[in-house]
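Student: What follows is a structure written as structure tokens; I'll ask about it next.
The values are calculated or read from the model by the stated rules, or taken from the named source; none is laboratory data. Note that the coordinates shown come from a computational prediction; the quantities given were computed from them, not determined experimentally. Note that each Cβ is placed from the backbone with ideal geometry, even for glycine, and that neighbours are counted across all protein chains shown. For accessibility, only protein heavy atoms count, side chains too; no ligands or nucleic acids. Shrake-Rupley method; radii C 1.70, N 1.55, O 1.52, S 1.80 Å.
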Amino acid sequence: QVQLVESGGGLVQAGGSLRLSCAASGRTFSTNAMGWFRQAPGKERDFVAAISYTYGITTYTEFVKGRFTISRDNAKNTVYLQMNSLKPEDTAIYYCATNKSPIPGRLSDEYDYWGQGTQVTVSS
């Protein structure tokens, strides 16, 4: 069983920054890619960013490129999402997830374990 716990969400003004953390435990975490998704009220859950295990290869949705940075600390079994220049449209519940493989894919079907989410609210 893999357990994921997100933290670091909160309320921030437009242009501000937040750093989300996802602490993972379980036997499948050590070599799996990790991803971040988000879901705004009344909308579908969308891909945000993902990172591989071995080489730190990253991929982002075009909506956050240049503003968000995903990273991971394998020794601590933790993945991070540094969010800068936040916009009101970034407001959502953010979820971290464990991929079924080391490949940092963009599709939710590629992920098997999910955290409970952390709320990010950006005011204008």
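Student: Size of the dipole of the stretch 41-124 about the Cα centre, Lys and Arg at +1 and Asp and Glu at -1 on the beta carbon, nothing else charged, in debye to 20?
Tutor: 200
Student: Follow-up question, since we're still on this one. Give the separation of the Cα centroids, the stretch 3-27 to the stretch 86-110, in Å.
Tutor: 12
Student: Under the rule a/c < 1.5 gives rounded, and otherwise a/b versus b/c splits prolate from oblate, where does the chain land using the Cα gyration tensor?
Tutor: Note, shape of the chain comes out prolate.
Student: Tell me the accessible surface of Phe47 in square angstrom (1.4 angstrom probe, heavy atoms of protein chains only), to the nearest ten.
Tutor: For Phe47, the solvent-accessible surface is approximately 30 Å².
Student: So what is the accessible area of the chain per residue, in Å², with the probe set to 1.4 Å?
Tutor: Each residue of the chain exposes 53 Å² on average to a 1.4 Å probe.
Student: With r defined as the distance between the Cβ atoms of Glu44 and Lys76 and R0 fixed at 30 Å, what FRET efficiency is calculated, to the nearest 0.05?
Tutor: Efficiency, from the Cβ-Cβ distance: 0.45.
Student: Of the heavy-atom accessible surface of the stretch 1-96 (probe 1.4 angstrom), what whole percent is carbon and sulfur?
Tutor: 47
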